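**Q** Just dropping this structure here.
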Amino acid sequence: MQKQREHWSSHLGFILAAAGSAIGLGTLWKFPYVTGENGGGIFVFIYILCTFFIGIPVFIAELVLGRKAQRGAVGIFANLANNSAAWKSVGWLGVASSFLIMSFYSVLAGWGLNYVFMSLSQFYENRTAQEISNIFDVLSSSADITLFWHFLFTALTAAVVYRGVRQGIEYWSRFMTIGLLVILVGMCLFAMTLEGFKEGVQFIFYPDLARFKPSAAIEALGLSFFTLSLGQGIMLTYGSYMRRGDDIPKTAVIIGVMIVLISLLAGLMIFPIIFTFGFAPEAGPGLVFKTLPVLFAKLPGALFISTGFFILFVFTALTSAVALIEVVAANFTDLLGWSRQKAVLVVAISCFVFGIPSALSNTNTLFANWPAIYGKTFFQTIDDLVTLWFLPIGGLLVSIFTGWILDKELGKEEFNSGTALRWLWRPWMIFVRWVAPIAIVFIILQQSGLIDIDAYFGRRAIPNQPL
Ligand code: TRP
C-alpha cells in the first residue's frame, strides 16, 4: 500500500527547510572547535575544498537518488538496487549515523537550552572573563543538570516531529535561518572591534604549515559531511520530498555555500574572542560555550543578545534534530509499517537513553574509566566514530552507487529535470565517479594508518600535540 508522499509547497520553502536541517551545531559548534584543534588556516582551506569538490557532488547525488526513488534511505536502495541486501545496508548505516548523532546532539543542544536559561538570569554579571568561561566546566560535570536539559531537548524534538513534516520543519526553518544570519553578522561586526580580531582572522585564513598535519584531512572531510548532513541518507530523504521541477544542482550549491559562510561567520565571531581574552583555541567541544558568553557580557543589552543567540542556537539545533529523528523514524514507518507516532516515540526514547553516557561523559559517574581506556570521552568516541568513519564511508558508497551502479540515463534524466544547469551533469559525473571516491578512500587509508602522509612530509612532531 503506497501512501502519497508529502511534497514541499515551494522551492524556496524546500531550500530553507533543507538548509535549516543542515545548518546546525555543525557550523556553530563543531566547525570552530575542530578548526581550533587543528590549527586553523590550512585546515579551513581543506574543509572548503572538501565541501566544494566532494561534499556538493555527493549532496547532488543524494538528492537525485532520493527524488528518483521517492523513498526513505533504506527503501531507496531496495528500490534502485533490486533489493540488494548489501546496498540496503548503506541505508541502514545512514540510519545508524543519524541515531548516533542525535544521541550527543541533544546533549549539546540541551546545554544550549541551559544557556538560554542562564542568560535570562544574567549569569555573567560580576564575573571575570575566566569565571564566565569556567561555568561550562561546572555545568558539563554536573550529571543531574546536564541530564535534565538533555531530556528536555529530546522531548521537545519528539514533540515537533510528532506533528508532521511540513508544519513541523518548513514553517520554523525560514525564520530561524534568517534570524541566525542576522545575529551572526551583527556579532561579527562587533568582533571586529576587539583587539584580537586580526589574530583571529589570521588564525582562520592564514595557511601556517607548521600548525597543520596532513592527517587532519579526515577531520576536514568528516566535518564537511557533518555540516552538510551527508553520507547518511538524510538528503536522500529530503530528495524524496522534492518535486520534479525543482533544481537539484542549484539547491545543493546554494546550501553548500550557505553552510561554508555560516561556519566562517561562526569562526570569525569566536576566534577574536579567544585571542582577545587569552583562551586556548584547542579547548575542545566546550569551545562555543566557553567563549561566546564572554563576548556577550561585554555588550550593551547583553541580556537580549545572549538570550537571543542561545535561542537561535537551540532552534537551529532543533531543526537539525527534527531531521535526525525524522530520518530514523521514516525508515521504520516505510519498512515496518509502524505509525508515525509510534516510530517517533520509540526513536526519541532510544536516542535519549543512548545519549545518557554522552551526557555524563564529563562527570565521572557512568563509565568513569572510559577515557582512561579508550583515550577520549564517551561523547567524543561517538562523535569521532560517526564523523571520521560512518559519514565518510556513507559518502563513499553513495558516490560509488551513483557513479557506477545507478543506470546512467536514469541518473542523467533526474539530474536534468528542473535544472537549467544541464552542462553540469558531465563534470558532476566525473566528480562522483572518480574524484570523490578516490579522495575519500585516500583519506580513509590515511586515517587507518595504512598510508602516512605526515611521515612523508617529514613532520611527525606536531606542536600542541605530544605524541
Ligand atoms: N548538519 C547538521 C549540523 O551541522 C548535523 C547533521 C548531520 C544532521 N547529519 C544530519 C542534521 C542529518 C540533520 C540530519 O548541525
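The values are calculated or read from the model by the stated rules, or taken from the named source; none is laboratory data. Here the structure is a predicted model, which is why all the values come from computation and not from measurement. Virtual Cβ from ideal backbone geometry, glycine too; neighbours counted across all protein chains shown. All accessible areas refer to the heavy atoms of the entire protein, side chains included, with ligands and DNA or RNA removed. Shrake-Rupley method; radii C 1.70, N 1.55, O 1.52, S 1.80 Å.
**Q** In bins 10 Å wide, starting from 0, what share of all Cα pairs of the chain does each bin hold, as a percent?
**A** Percent of Cα pairs in each bin: 4, 21, 32, 27, 13, 3, 0.
**Q** What does the convex hull of the Cα atoms of region 10-167 come to per residue, in Å³, rounded to a whole number?
**A** Here the figure is 180 Å³ per residue.
**Q** Another one. Using a 1.4 angstrom probe and counting only protein chains, how large is the accessible area of residue 322 in Å², to 10?
**A** About 10 Å², rounded to the nearest 10.
**Q** Follow-up question, since we're still on this one. About the Cα centre of the chain, what is the dipole size in debye to 20, counting +1 per Lys and Arg Cβ and -1 per Asp and Glu Cβ, all else neutral? Numbers along the way, then the final one.
**A** On the way: 29 positive and 25 negative charges, 213 e Å.
In debye, rounded to 20, the chain gives about 1020.
**Q** How large is the charge dipole for region 1-115, taken about the Cα centre, if only the Cβ atoms of Lys, Arg (+1) and Asp, Glu (-1) carry charge, to the nearest 20 debye?
**A** Here region 1-115 has a charge dipole of around 420 debye.
**Q** Expressed in nm to one decimal, what extension gain is obtained for the pair residue 303 and residue 456 from 0.36 nm per residue of sequence separation less their Cα-Cα distance?
**A** Extra length available between residue 303 and residue 456 comes to 49.9 nm.
**Q** Rounded to the nearest 500 deg cm²/dmol, what is the calculated helix-only ellipticity per residue at 222 nm for the chain, with -39500 (n - 2.57) per DSSP H run of length n ≥ 4? Spell out each step's value before the answer.
**A** Details: 23 runs with 317 residues, N = 467.
Calculated at 222 nm, the ellipticity per residue is -22000 deg cm²/dmol.
**Q** Continuing with the same structure: Using the charge dipole of the chain (Lys, Arg: +1 at Cβ; Asp, Glu: -1 at Cβ; taken about the Cα centre), state which of 139, 52, 33 has its Cα farthest towards the positive end.
**A** 52
**Q** For region 91-139, state the average projected area of the convex hull of the C-alpha atoms over all orientations, rounded to one decimal in nm².
**A** Result: a mean projected hull area of 4.1 nm².
**Q** While we're on this one: Hey, rough spin-label estimate for residue 185 and residue 85, points 7 angstrom out along Cα→Cβ, what's it come to in nanometres?
**A** Each label point is offset 7 Å from its Cα along the Cβ direction, giving 5.4 nm.
**Q** With respect to the cross-link table entries 250/290; 30/298; 250/298, which display a Cα-Cα separation exceeding 29 Å?
**A** 250/290; 250/298
**Q** At most 13 other C-beta atoms within 10 Å and a DSSP loop state: those are the exposed GluC sites (Glu not before Pro) I care about. Give me the longest piece of the chain that has none.
**A** The longest uninterrupted stretch comes out as 196-467.
**Q** Tell me, what is the percent relative contact order of the chain, built from C-alpha pairs under 8 Å that lie six or more residues apart?
**A** Numbers: 737 pairs, mean separation 159.4, N = 467.
Averaging sequence separation for qualifying contacts and normalising by length gives 34 percent for the chain.
**Q** Mind jotting down the distance between the C-alpha centroids of region 431-446 and region 361-417, whole Å?
**A** Answer, in whole Å: 15.
**Q** Which of the listed residues, 158, 418, 109, is farthest toward the dipole's positive end in the chain, when Lys, Arg count +1 and Asp, Glu count -1 at the beta-carbon?
**A** So the residue we want is 418.
**Q** At 1.4 Å probe size, with every protein chain present, just tell me what the per residue accessible area of region 11-458 comes to in Å².
**A** Value for region 11-458: 37 Å² per residue.
**Q** Identify the trypsin sites (Lys or Arg not before Pro) of region 388-463 meeting these criteria: DSSP loop state and at most 16 other C-beta atoms within 10 Å of the C-beta.
**A** 459, 460
**Q** On the full set of protein chains, 1.4 Å probe, figure out the accessible area of residue 53 and give it in Å² to the nearest 10.
**A** 100 Å²
**Q** Once you have the Cα-Cα distance between residue 155 and residue 11, take 0.36 nm times their residue separation minus that, and quote the gain in nm to one decimal.
**A** Fully extending the segment from residue 155 to residue 11 adds 48.8 nm.
**Q** Roughly speaking, to the nearest percent, how much of the chain's 1.4 Å accessible area is carbon and sulfur?
**A** Roughly 66 percent of what the probe reaches on the chain is carbon or sulfur.
**Q** Can you sort 306, 361 by solvent-accessible area, 1.4 Å probe, largest first?
**A** 361, 306
**Q** With helices defined as uninterrupted DSSP H runs, which ones in the chain have an alpha carbon span along their own long axis of at least 15 Å and mean Kyte-Doolittle hydropathy of at least 1.0? Present the calculation step by step, with values, prior to reporting the outcome.
**A** Values: long enough: 11-22 (16 Å, 1.44); 56-69 (20 Å, 1.25); 85-120 (52 Å, 1.13); 129-140 (18 Å, 0.50); 143-162 (28 Å, 1.44); 171-191 (31 Å, 1.78); 217-228 (16 Å, 1.64); 248-277 (44 Å, 2.32); 287-298 (18 Å, 1.43); 302-336 (49 Å, 1.87); 340-359 (27 Å, 1.38); 436-447 (16 Å, 1.98).
Membrane-span-like by this criterion, though nothing is claimed about a membrane: 11-22, 56-69, 85-120, 143-162, 171-191, 217-228, 248-277, 287-298, 302-336, 340-359, 436-447.
**Q** What is the diffusion coefficient of region 120-265 in µm²/s, taking the Kirkwood radius over Cα pairs and the Stokes-Einstein relation at 37 °C with a viscosity of 0.692 mPa s? Please report the intermediate quantities before stating the final value.
**A** On the way: Rh = 19.8 Å.
My calculation gives 166 µm²/s for D.
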